[in-house]
Amino acid sequence: MKTIRYIGSILMIATGILHFLPSFQSDPDPNAIPMLLFGIGYLFIGILLFKDHRYGKILGVILPLIGLGAGFFILGIENWNALFSLMFLIDAIVICICLILIFKKTSSKIA
């Protein structure tokens, strides 16, 4: 379980860094500030996952779900690019990893 937690942590930190990229584009992106805030949150969750905090696993499900929803409904298909596809894929993988970590931990405590 330690390896999967480290993979989730690395992916969260990577997508946190990817969320900073629209802030540094030459033409101003109106969604740069919200993406910057999500990036900070993702970096924080990545650190919590690395340190194996319980809240990191829970937030690792909640914040990426909010990000996926915001991406689909606010950004929309017209703003879709390869960077968003990569971030959405990483979010989906991290959600699955965090759910596995949450349910594996609770099932081992029951047994």
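The values are calculated or read from the model by the stated rules, or taken from the named source; none is laboratory data. Just so it is clear, the model here is predicted, and its values are computed rather than measured. Quick reminder, even Gly has a Cβ in these numbers, built from the backbone with ideal geometry, and neighbours come from all protein chains shown. With ligands, DNA and RNA removed, areas are computed over all heavy atoms of the protein, side chains included. Shrake-Rupley method; radii C 1.70, N 1.55, O 1.52, S 1.80 Å.
Before moving on, here are some points about what is shown:
- Annotation: peptides 78-84, 11-17, ranked by per-residue average of other Cβ atoms within 10 Å with the highest first, follow the order 11-17, 78-84.
- Legend: residues K57, K51, sorted from most to least accessible area (1.4 Å probe; ligands, DNA and RNA excluded), read K51, K57.
- Within the chain: Cβ-based charge dipole about Cα centre, in debye rounded to nearest 20 (Lys, Arg +1; Asp, Glu -1): 880 debye
- Taking a straight Cα-Cα cut-off under 20 Å and skipping sequence neighbours fewer than 8 places away in the same chain, the aspartates and glutamates within cross-link reach of K51 are D91.
- For the chain, the fraction of 1.4 Å probe accessible surface lying on carbon and sulfur atoms is 75 percent.
- For the stretch 33-50, Karplus couplings with θ = phi - 60° (6.51, -1.76, 1.60), whole Hz, Gly/Pro x: 5, x, 5, 5, 5, 5, x, 5, x, 5, 4, 4, 5, x, 5, 4, 5, 4
- Our analysis of the chain gives Rg over Rh at 1.02, with the two radii drawn from alpha carbon positions and Rh computed by the Kirkwood formula.
- Helical runs assigned H by DSSP (4 residues or longer) give the chain a calculated mean residue ellipticity at 222 nm of -26000 deg cm²/dmol, each run adding -39500 (n - 2.57) before division by the residue total.
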